[in-house]
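Asks: Sharing a structure with you now.
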Amino acid sequence: EMLEGRRSQFIEELRATGSTRTTATGQVDAAIDRWVWYAGWADKITQVTGTANPVSGPFFNFSTPEPTGVIGVIAPD
């Protein structure tokens, strides 16, 4: 909602860099849509990817994805 409230400001800032109004509007709208989409998944990813695993015994076994740290990859050209 805050991004959509400042939509016209972002469009004008892109136009100051040389973009046309239609291009700037498209880029800002796409960026806002991406933010909303990814923010919407932040609290739903556990329900979608986590499961109750079948086990033989009087207990439950659940799988939930959790962040474990930062991973970096250094690859040659």
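Asks: At 7 Å along the Cα-to-beta-carbon direction for both TRP35 and ARG6, put a label point, then send me their distance in nm to one decimal.
Replies: 0.7
Asks: With a cap of 12 neighbouring Cβ atoms within 10 Å, and only residues DSSP puts in a loop, list the GluC sites (Glu not before Pro) found in the chain.
Replies: Of the GluC sites (Glu not before Pro), the ones in loops of the chain whose Cβ has at most 12 other Cβ atoms within 10 Å are GLU1.
Asks: Another question, then. Angle, helix 21-41 long axis vs. longest principal axis of the chain, Cα atoms, 0 to 90°, nearest 10?
Replies: Between the helix axis and the principal axis of the chain, the angle is about 20 degrees.
Asks: Same structure again: What is the extension gain from THR17 to ALA75, computed as 0.36 nm multiplied by their sequence separation minus the C-alpha to C-alpha distance, in nm to one decimal?
Replies: So the extension gain works out to 17.4 nm.
Asks: Next question. So, by mean Cβ neighbours within 10 angstrom, what's the order for 41-47, 52-58 with the highest one leading?
Replies: Final packing ranking: 41-47, 52-58.
Asks: For the stretch 17-69, report the % of Cα-Cα distances exceeding 14 Å.
Replies: Pairs farther apart than 14 Å: 71 percent.
Asks: On to the next question. Through the Karplus equation 6.51 cos²θ - 1.76 cosθ + 1.60, θ set to phi - 60°, convert the phi angles of the stretch 63-71 into ³J(HN,Hα) values in whole Hz; use x for Gly and Pro.
Replies: These are the phi-based 3J(HN,Hα) values: 10, 9, x, 9, x, 10, x, 9, 10 Hz.
Asks: Sort 18-30, 65-77 by the packing proxy (mean of other Cβ within 10 Å over each peptide's residues), most packed first.
Replies: Averaged packing, sorted descending, gives the order 18-30, 65-77.
Asks: Working from Cα positions, state the angle (0 to 90°, nearest 10) between the long axis of helix 7-16 and the longest principal axis of the chain.
Replies: Once rounded, one gets 60 degrees.
Only the coordinates and a few stated rules stand behind these numbers; no lab work does. The structure presented is a predicted model; accordingly, all values stated were derived computationally and were not measured. Cβ atoms come from the backbone with ideal geometry, glycine included; neighbour counts cover every protein chain shown.
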